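So the structure is just underneath, and the comments pick up after that.
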Amino acid sequence: CAVKAAHVLSEIAKNEEMKKPCIEANLVLTLIPLLESTDQEMLLHAGRAIGRICYDNRDLQEQLVKVGVITSLVRILTDYAESEPLVHVDLLALCNLADLDTAKEALSKTKVAEQLVKQLRRADNHERLEMVFEVLQALAENDALKVQLVEAGVQEVLSEILLRLQGSSQAEDTCIVKAASDLIVSLLLGGKKKGILMVQIHKETTLKSPLSRGLVICFCCFHFLNRDTSATYGNCVRMVQLGVIHQLLDLLEKHVESGDVSVQHAALSALRNLAIPVVNKVQMLEESLAERIQALLRSEMPPVQFKLLETLRMLADGQADAAEILGQDPMLLNRLVQWCNANDHTGVCGEAHRLLASILRHNRSQEVVKAIQEAQGVKHLVSMTTSKHAALQNEALDALAIASAIDLETLEESFKESQLVQSLHKLLQDDNTSPEVKYNSMGLLCSLLNSGDLRQEIEEDKIKETLEQLCSHSNVNVVKEAVTTLQVLREET
């Protein structure tokens, strides 16, 4: 009668009011030994009864783990992998228990990862996929289980699922794509093993198959890894060494024509983050990254434009070679000037200004200065000095100071037309201007004094009086720079 009794109990336990009497009658501990049965019907009813009685009862769930239910569940999943009803009940039980740390610890000592990957591979409907993903997502919070899942090949199955569902507009498929992407991110983030996992996942999966939308999104997890600088640096370097750059570039080129904005945005986000380490900048330049991604310059999608500009700026950061390559590309400079006028898209407009400034700041070439002047980009840098954000003001002031030191003669006419001297004077007079901006404004003024015409403008605008007032400023650096600028102003050209 045991099978029938277990069946009756599983039905009784459906009723919320009957759970307490079942617990008080100590039925859970009575049912657990039945999980060692070889009778599939017995396993089915006993499993359902236990699951329903213990549902949402943390104390009872902890008790189950203590008495060894995890071993029984993994055995059932292994021995009856093709029994749909038993696998369903087993997965439900694991869903309920997997959030417990004690359960994760117990599961890490079994071959559950291998069995779950098998179930993920053979799942033929959305409901089953969602159940397996729910268990896997909980287990991915444990370092040991993460490694086991990767060793069991979970990344290959996830890649297959993402590739199969890529482009589908059905809501159910979208949920699965998101769950698969979230799982890969979980595998990559956190824990002591994340560097190893990142290399394993991308070496074994990404480089063997075309990148799907989901996998590209996962590259963006570097954003979250930025909390751990040393780990981020090492992982980014390894990824580039493995050849991920070419995969991302190939994907970008495929989607330039199709116009899949989300893929382009995600791939560019990945490239931007990969370009953070200096050693990567050099390798990415050698692999012609700057030239290859410029195919996206014709994009009319603001999110892609913004991320492209951000990626190029990160690449040029501290790299004179990159700045020289970008600063002598007429197509890029003309597009930058267009985007500097894109007032309806403030993000793109701001990022275009920043890239223009970055090219000048990190460049040491007279040819670049001339190219930016010919593209009419100087006036936009002058307008950037009046930005509401001090950081942007300083970037513009630094860029103009460096460009002036390189070739003031070429820039002289543009400076006069854009009224640079007058803009600098306003910054120095404004009490709300930050000390650093005042300091950098005077540094630029010193450079401008090497031009006879600009010196005359400075004298006519009576900047000398403002500088004398700044000699009593509360900030020591501002005072020192004011004194220095006055000395240069009093000297002859």
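Averaged per residue, what accessible surface does segment 419-492 expose to a 1.4 Å probe, in Å²? Walk me through the numbers on the way to the answer.
Working: 3920 Å² over 74 residues.
With the other protein chains kept in place, segment 419-492 gives 53 Å² per residue.
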Between 0 and 90°, nearest 10: helix 330-340 axis offset from the chain longest Cα axis | 80
Round to the nearest 0.05 the FRET efficiency obtained for Asn432 and Ser169 when R0 = 56 Å and r is the Cβ-Cβ distance.
-> 0.65
Where the accessible area of segment 257-405 is counted over protein heavy atoms with a 1.4 Å probe, how much of it, in %, is carbon and sulfur?
-> 50
Which semi-axes, in whole Å and largest first, does the equivalent ellipsoid of segment 340-493 have when worked out from the alpha carbon gyration tensor as the square roots of 5 times its eigenvalues?
-> 25, 18, 13
Under unit Cβ charges (Lys, Arg +1; Asp, Glu -1), what dipole magnitude, rounded to 20 debye, does the chain have relative to its Cα centre?
-> 1140
Only Cα pairs under 8 Å and at least 6 apart count here; give the relative contact order of segment 228-317 as a rounded whole percent.
-> 35
Environment charge of Leu249, counting only residues whose C-beta is closer than 12 Å and scoring Lys/Arg +1, Asp/Glu -1 | -2
When only DSSP loop residues count, what GluC sites (Glu not before Pro) in segment 257-323 have their Cβ near at most 12 other Cβ atoms within 10 Å?
-> Glu300
Return the inverse of the average 1/r over all pairs of distinct C-alpha atoms in segment 318-410, which is the Kirkwood hydrodynamic radius, in Å to one decimal.
-> 12.8
Taking only protein heavy atoms and a 1.4 Å probe, what accessible area per residue, in Å², does segment 17-143 have with all protein chains in place?
-> 48
What is segment 419-492's relative contact order, in percent, from Cα pairs under 8 angstrom and six or more apart in sequence?
-> 34
Provide the net charge surrounding Asp79, with neighbours chosen by a C-beta distance below 14 Å and charges set as Lys +1, Arg +1, Asp -1, Glu -1.
-> -2
Cα axis of helix 171-188 to longest principal axis of the chain: angle in degrees, 0 to 90, nearest 10?
-> 80
For segment 1-145, shape from the Cα gyration tensor axes a ≥ b ≥ c, cut at a/c of 1.5 then a/b versus b/c, turns out prolate
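Give me the net charge for the shell around Leu35: Cβ to Cβ below 14 angstrom, other residues only, Lys and Arg +1, Asp and Glu -1.
Neighbour charge sum, excluding Leu35 itself: -3.
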Report the charge-dipole magnitude of segment 228-317 in Debye, nearest 20, computed about the Cα centre from +1 at each Lys and Arg Cβ and -1 at each Asp and Glu Cβ.
-> 140
For segment 419-492, just say rounded, prolate or oblate: build the C-alpha gyration tensor, square-root its eigenvalues into a ≥ b ≥ c, call rounded for a/c under 1.5, and beyond that prolate if a/b exceeds b/c, oblate if not.
-> prolate
What does the charge dipole of segment 1-66 about its Cα centre add up to, to the nearest 20 debye, if the Cβ of each Lys and Arg holds +1 and the Cβ of each Asp and Glu holds -1?
-> 40
Given the peptides 137-150, 454-467, arrange them by the average over their residues of other C-beta atoms within 10 Å, most packed first.
-> 137-150, 454-467
So how tilted is helix 420-429 from the main axis of the chain? Cα-based, degrees 0 to 90, rounded to 10.
-> 70
Taking the chain and dividing mean pair separation by its residue count, relative contact order in percent (alpha carbons under 8 Å, at least six apart) = 7
Using the charge dipole of segment 228-317 (Lys, Arg: +1 at Cβ; Asp, Glu: -1 at Cβ; taken about the Cα centre), state which of Thr311, His255, Pro277 has its Cα farthest towards the positive end.
-> Pro277
Considering the alpha-carbon set of segment 380-458 alone, what are its Rg and its Dmax in angstrom?
-> 11.3, 33
Cα centroid separation - segment 417-493 against segment 117-132, whole Å | 69
Specify the inter-centroid distance of segment 342-402 and segment 48-83, based on alpha-carbon positions, in whole Å.
-> 63
For Lys20, counting only aspartates and glutamates whose alpha-carbon sits under 15 Å away and dropping same-chain residues fewer than eight positions off, the answer is Glu11, Asp56, Asp59
Find the all-direction average of the projected area of the Cα convex hull for the chain, expressing the result in square nanometres with one decimal place.
-> 29.0
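The values are calculated or read from the model by the stated rules, or taken from the named source; none is laboratory data. Source: prediction; values computed, not measured. FYI the Cβ positions are ideal-geometry reconstructions off the backbone, even for glycines, and counts take in every protein chain you see. Quick note on the areas: whole protein, heavy atoms, side chains included, nothing else; ligands and nucleic acids left out. Shrake-Rupley method; radii C 1.70, N 1.55, O 1.52, S 1.80 Å.
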